[in-house]
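See below for the structure under consideration.
The values are calculated or read from the model by the stated rules, or taken from the named source; none is laboratory data. Just so it is clear, the structure is predicted and the values come from calculations on it, not from any experiment. Every residue, glycine as well, gets a Cβ built from its backbone with ideal geometry; the counts of neighbours run over all protein chains shown.
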Amino acid sequence: MQSAHPGPQTRLVLVVEDNVDAQVITTSTLRHFGYEVIKAESVEEARQLARQQKPDVVVLDCRLPDGDGLELAQSWRRDPTMKAVPIIVLTAFSARQDVEAALLAGADAFLVKPVPAGVLAAQVGKVLAGTRPSQTMRAQRP
């Protein structure tokens with residue numbers, strides 16, 4: 001399938017999400033915007049894929065079946081091979097303390113589900129470009 005917005009260079013995104021519906025939506029959106037996507041459903045699977053595939057950016061859920069996504073982000077910030085990889089936390093939790101915890105864990109951006117496709121793609125592009133995006137992006141709900 002051809003990407004709707006192919007870029008000059010394909011960038012690899014690791015999506016760490018255990019909810020199947022959210023994973024499908026996120027991966028489909030990113031592929032539509034021209035990104036190559038690999039996916040993990042657990043902390044352990046994410047660690048393995050990150051070591052093997054060396055993603056350009058990570059989209060990370062906070063709550064995973066085998067651990068805390070924010071603890072994973074903290075561990076990646078201490079890992080020489082992952083510390084420079086941008087991390088976008090994408091979660092349903094939107095309280096101020098959730099945002100602060102994600103940023104303290106090393107997240108480069110924080111998005112609240114559900115997030116419009118264009119906003120997700122724009123945030124991925126911004127963190128890949130080295131631009132620090134808005135700390136919290138909330139989807140407009142009708």
### Task
Run down 106, 130, 67 and say which single residue is farther than 20 Å from residue 20 by Cα and surrounded by 13 or more Cβ atoms within 10 Å (Cβ to Cβ).
106
### Query
Within region 48-62, how many residues turn out to be without any contact (Cβ under 8 Å) to a residue 60 or more places away in the chain and buried (at least 18 other Cβ atoms within 10 Å of the Cβ)?
7
### Summary
Quick count over region 71-103, residues being part of a helix (DSSP H, G or I) and farther than 15 Å from residue 14 by Cα, is 13
#### Entry: Residue ID - modelled with the lowest pLDDT, chosen from residues in region 71-103 that are under 20 Å from residue 24 (Cβ atoms) and surrounded by 14 or more Cβ atoms within 10 Å (Cβ to Cβ)
91
### Summary
Of the listed residues (124, 59), the one being within 18 Å of residue 17 (Cα to Cα) and not in a helix (DSSP H, G or I) is 59
### Query
For region 17-47, how many residues are exposed (fewer than 15 other Cβ atoms within 10 Å of the Cβ) and under 12 Å from the mean Cα position of the chain (by Cα)?
0
